């Protein structure tokens with residue numbers, strides 16, 4: 001231990017004289033698993049924010065924010081907990097940007113976040129259960145809860161004149177939470193849910209599930225699932241057997257790989273994705289394009305999550321989670337100078353000078369209640385094999 | 001009358017057509033399992049991975065053919081690549097037999113040792129497959145997707161319900177029928193086939209009659225490799241290729257082999273269809289069928305579903321348990337396990 005301490009000391013003196021120590025931030029996302037096609041861009045976006053803060057020279061008196069990536073797998077709670085544990089104990093991260101899916105996020109928060117007192121800001125965990133979970137004030141999220149997602153989905157269905165739906169969800173915390181919320185809200189608005197059935201991911205064949213769903217007599221199928229797994233299988237089997245042609249999709253189903261896999265049959269189907277068209281998002285899209293990646297779902301939220309972590313550290317003047325956790329609300333909400341993506345350097349400077357900021361970011365961040373965003377939703381329709389935004393709710 | 005037709009078409013679309021295709025795939029798989037059981041006298045748990053391996057080689061060759069612009073329109077290109085997949089899987093089976101199983105044959109090991117060894121082979125083959133092609137989903141279907149589309153069928157007949165038949169389902173059934181016919185001709189009519197049956201029936205007598213046991217074993221592996229590749233490729237074409245799903249297929253395949261009577265080829269075929277149709281019939285929701293058949297006032301409110309689709313695999317388990325309890329030798333009295 002002494003040797004390591006000496007080595008660290010020596011290397012920091014040699015490498016960066018007069019510079020503060022680097023601050024490590026964990027990026028815990030599902031690089032393998034059901035959302036593996038989204039995770040790389042999410043991580044790149046978070047790292048773009050870290051690079052922006054480091055390059056400005058204003059972060060914690062000239063420190064660098066260093067990313068430590070680990071795989072949450074999205075579904076395997078034990079693997080995600082082990083990965084987070086390693087990040088905290090062996091890599092020594094100060095805070096975690098993540099995790100991504102609701103189930104693993106809950107597990108990591110309970111086993112690592114609150115146990116070790118580490119701040120976690122998730123870009124994509126949307127389960128309503130995370131709103132009431134005891135978190136010692138350590139957990140925040142930049143994506144809205146599915147309680148709101150279900151309400152918007154029900155309203156859009158009604159707005160489109162759909163009076164009866166079949167509903168299928170992936171059998172986990174995210175799927176069940178959102179499906180319950182959709183069903184409750186939709187029935188309250190007078191809609192009829194003819195069948196509700198869960199599906200397991202990673203099966204070879206979904207024809208039996210689709211056959212059962214088709215017997216309710218609805219023409220519309222609402223799929224709460226994942227684009228790289230069961231959700232796609234259900235959709236393909238529905239089209240093959242002619243059971244359904246109209247699909248409404250949850251956020252987990254939206255991504256460029258879906259229309260590529262399904263083809264022209266998907267045109268006209270639609271889905272809802274948290275986020276709004278805003279000035280900040282336009283800036284973010286441009287920054288992403290300049291950095292050489294596409295602004296795929298949840299990449300903007302990832303940028304915002306990483307930015308919030310660093311801004312809270314700056315405001316607290318310390319990378320200690322126990323000190324910074326109280327500052328997350330301060331930097332995210334009014335009063336203060338409004339901060340858009342690309343202005344992290346300016347924000348860090350204001351905070352260093354003792355000023356106040358209101359981080360708007362790419363997704364109009366405004367934290368409410370238990371540390372989550374209220375949230376706007378984009379209605380995206382597949383046109384010519386691409387998800388295109390047609391409306392904001 | 002239209003209502004009756006609608007009900008029939010509905011069942012045809014969701015039970016009969018998928019059941020025939022799935023049953024054919026299971027039957028081919030079970031035939032491979034039963035052959036190995038008949039000749040080598042052990043339950044080959046690595047069979048699912050052999051299917052996956054053969055299908056993988058077929059996919060790799062399919063990609064090569066597609067890249068060179070060779071296609072088999074309107075049929076899937078994978079059918080052209082199938083012989084290469086068969087060669088690959090047969091090579092795998094023979095190499096594994098030479099390196100692994102032959103040793104245990106010389107040791108005269110019991111069938112439970114073989115079973116455990118085959119689990120090892122299964123894990124190694126599975127690792128090899130993931131190493132070569134990765135764990136992800138691969139789609140290889142090309143050519144014409146449908147023989148009849150649901151929408152076209154509705155327009156043609158004016159019925160409410162559509163009947164969709166995928167090209168891959170047609171190909172599956174036709175291939176399965178021809179392969180099964182060939183296997184029966186081979187076992188029943190050729191000298192080698194008769195030698196295999198004699199060996200399976202009584203090993204010592206067969207040896208006394210001058211049958212070369214190593215040759216019989218080799219041919220059994222060649223047939224198993226070929227059957228596994230055909231079953232695996234047809235399943236991959238019809239659904240999608242993902243290494244993980246082939247391990248899940250083991251259960252229904254073994255259920256099929258045991259239901260029919262292990263070691264009995266006819267039993268394997270019948271067992272395949274019994275398991276496939278049981279899975280579909282028990283997990284299907286009959287609400288719409290009854291709505292067509294019964295007068296309006298008697299139309300059911302609920303889904304009329306015996307078992308949720310989540311329990312599909314449980315059906316195979318239940319069939320297995322019932323058969324082992326009631327008639328352990330299977331429908332066609334195969335060997336006792």
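All of the numbers you see were taken from the coordinates with simple rules; none came from a lab. Bear in mind the structure is a predicted one, so any value in this text is a computation, not a measurement. Methodologically, a virtual Cβ is constructed for each residue, glycine included, from the backbone with ideal geometry; neighbour enumeration extends over all protein chains shown.
Listed values, structure above:
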quantity: Pairwise FRET efficiency - residue A:188 versus residue B:184, Cβ, R0 = 51 Å, nearest 0.05; calculated: 0.25
quantity: Cβ neighbours within 10 Å from other chains - mean over A:197-204; calculated: 5
quantity: Residue B:318-residue B:75 pseudo-label distance in nm [points 7 Å out on the Cα-to-Cβ vector]; calculated: 3.9 nm
quantity: Relative contact order for chain B, counting Cα pairs under 8 Å that sit 6 or more residues apart, in percent; calculated: 31 percent
quantity: Degrees separating the helix A:146-159 axis from the principal Cα axis of chain A, which is the longest one; calculated: 40 degrees
quantity: Peptide B:312-322 - average C-beta neighbours from other chains (10 Å radius); calculated: 1
quantity: Max mean-square fluctuation residue, GNM over chain B, Cα-Cα springs under 10 Å, options B:103, B:22, B:235; calculated: B:103
quantity: D (Stokes-Einstein, µm²/s), Kirkwood Cα radius, region A:185-229, 1.306 mPa s at 10 °C; calculated: 132 µm²/s
quantity: Acute angle (nearest 10 degrees) that the helix B:111-133 long axis makes with the longest principal axis of chain B, alpha-carbon atoms; calculated: 60 degrees
quantity: Max mean-square fluctuation residue, GNM over chain A, Cα-Cα springs under 10 Å, options A:123, A:341, A:134; calculated: A:134
quantity: Theoretical FRET efficiency, 1/(1+(r/R0)^6), r = Cβ-Cβ of residue B:298 and residue A:21, R0 60 Å, to 0.05; calculated: 0.20
quantity: Cα gyration tensor shape of region B:1-80, rounded if a/c is under 1.5, else prolate or oblate by comparing a/b with b/c; calculated: oblate
quantity: Separation in nanometres of the label points that stand 7 Å from Cα toward Cβ, at residue A:136 and residue B:112; calculated: 5.1 nm
quantity: Simple label model, 7 Å out from Cα along Cβ direction - residue A:337 to residue B:63, nm; calculated: 5.2 nm
quantity: Orientation-averaged projected area, Cα convex hull of region A:140-272 (nm²); calculated: 7.6 nm²
quantity: Principal-axis tilt of helix A:2-15 within chain A, Cα atoms, nearest 10 degrees; calculated: 90 degrees
quantity: Rounded if a/c under 1.5, otherwise prolate or oblate - region A:112-207, Cα gyration tensor axes; calculated: oblate
quantity: Square roots of five times the Cα gyration tensor eigenvalues for the protein assembly as shown, Å; calculated: 53, 33, 21
quantity: R0 of 41 Å, Cβ-Cβ distance residue A:294-residue B:177: FRET efficiency to nearest 0.05; calculated: 0.30
quantity: Average beta carbon contacts from partner chains per residue of A:209-221, 10 Å cutoff; calculated: 5
quantity: GNM result for chain B, Cα springs below 10 Å: residue of B:196, B:298, B:56 fluctuating most strongly; calculated: B:298
quantity: Between region B:124-156 and region B:168-241, the Cα center-to-center distance that results, in Å; calculated: 25 Å
quantity: Share, in percent, of DSSP beta bridges within chain A that are antiparallel, nearest 5; calculated: 25 percent
quantity: Percent of beta bridges antiparallel (DSSP, the protein assembly as shown, rounded to nearest 5); calculated: 30 percent
quantity: Value of relative contact order over region B:256-325, rounded to a whole percent, pairs C-alpha under 8 Å and six or more apart; calculated: 31 percent
quantity: All-pairs alpha carbon distance profile, region A:267-393, 5 Å steps from 0, percent; calculated: 2, 11, 19, 21, 18, 13, 8, 4, 3, 1, 0
quantity: Cα gyration tensor, region A:330-381 - rounded (a/c under 1.5), prolate or oblate; calculated: oblate
quantity: Label zone at residue B:130, where the point sits 7 Å out along the Cα-to-Cβ direction: region A:181-216 residues whose backbone N lies under 16 Å; calculated: A:202-203
